[in-house]
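In what follows, a structure is listed as structure tokens, so that the remarks can point back to it.
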């Protein structure tokens, strides 16, 4: 049994909603450039269109991604979607970094990725993502709304923006019905009775 399983971080129901965190190895600040964040956005779109991913909320920070998501019935399930997403984005992120002449951090990023790959038998040369996604099943509307607020307030807590809706790489704008969102999500309507404020 892995440490994650001992702590209860497992996807026990492949079609339930979960709060998930995808973290870059070594907490390296990889997503400081728009082009790298766009790889994540494009991969989310592909998974929505082709893999059965239902995304309810997300935020892309400098070294991690939070999301609330589930898998459509009839798909291969959430674990398979996450596996494919992380495998694809790992390849695309490494490819971009290695081939981009403007990337001043190339040698440092390669060193971080190769260092972590040495301790993971599933990686040959580079490891981009930590293996643990720290899934938390979302069964209660109040807990779900708390997690979505937590996601949307990440850029505010990190002093990137003053208001959650000002951060482009987040679903906060979707929850405020902005027309210029960069990624479609299935907005959860909690209603006034749940006390949810879509920050």
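The values are calculated or read from the model by the stated rules, or taken from the named source; none is laboratory data. Quick caveat, the model's predicted, so the values are computed rather than measured. All Cβ positions, even for glycine, are placed from backbone atoms using ideal geometry, and neighbour counts span all protein chains on display.
List of remarks:
- Qualifying residue in the range 133-144 (condition: under 18 Å from the mean Cα position of the chain (by Cα), assigned to a helix (DSSP H, G or I) and surrounded by 13 or more Cβ atoms within 10 Å (Cβ to Cβ)): yes
- Leading residue by the ranking (nearest to residue 10 (Cα to Cα)) among those in the range 81-92 that are surrounded by 15 or more Cβ atoms within 10 Å (Cβ to Cβ) and out of contact with any helix residue (DSSP H, G or I) (no Cβ under 7 Å at 6 or more places or on another chain): 82
- Within the range 55-76, the set of residues being surrounded by fewer than 19 Cβ atoms within 10 Å (Cβ to Cβ) and over 27 Å from residue 26 (Cα atoms) comprises 72, 73, 74, 75, 76.
- Residues located in the range 39-62, provided they are within 10 Å of the chain's Cα centre (by Cα) and not in a strand (DSSP E or B): 40, 41, 44, 61
- Set side by side, the residues 188, 160, 182 differ, and just one is in contact with a helix residue (DSSP H, G or I) (Cβ under 8 Å, 6 or more places away or on another chain) and modelled with pLDDT of 95 or more, which is 182.
- Inter-residue pairs, beta-carbon under 8 Å, first closer than 21 Å to residue 45 by Cα and in the range 158-170, second loosely packed, with under 14 Cβ neighbours inside 10 Å and modelled with pLDDT under 95, 6+ apart: 165/178
- In the range 106-131, residue modelled with the lowest pLDDT [restricted to those that are surrounded by fewer than 16 Cβ atoms within 10 Å (Cβ to Cβ) and assigned to a loop (DSSP other than H, G, I, E, B)]: 122
- Residue within the range 69-78 that is part of a strand (DSSP E or B), farther than 22 Å from residue 169 by Cβ and either touching a strand residue (DSSP E or B) at 6+ places or on another chain (Cβ under 7 Å) or free of Cβ contacts under 8 Å to residues at least 12 places away in the same chain (or both) present: yes
- Among the criteria (1) modelled with pLDDT of 95 or more; (2) farther than 30 Å from residue 189 by Cα, the one residue 80 does not fulfil is (2).
- Qualifying position, being closer than 17 Å to residue 55 by Cβ, out of contact with any strand residue (DSSP E or B) (no Cβ under 6 Å at 6 or more places or on another chain) and without any contact (Cβ under 8 Å) to a residue 12 or more places away in the chain, among 105, 173: 173
- On inspection, residue 23 fails the criterion of being closer than 24 Å to residue 138 by Cβ, out of contact with any strand residue (DSSP E or B) (no Cβ under 6 Å at 6 or more places or on another chain) and in contact (Cβ under 8 Å) with a residue 24 or more places away in the chain.
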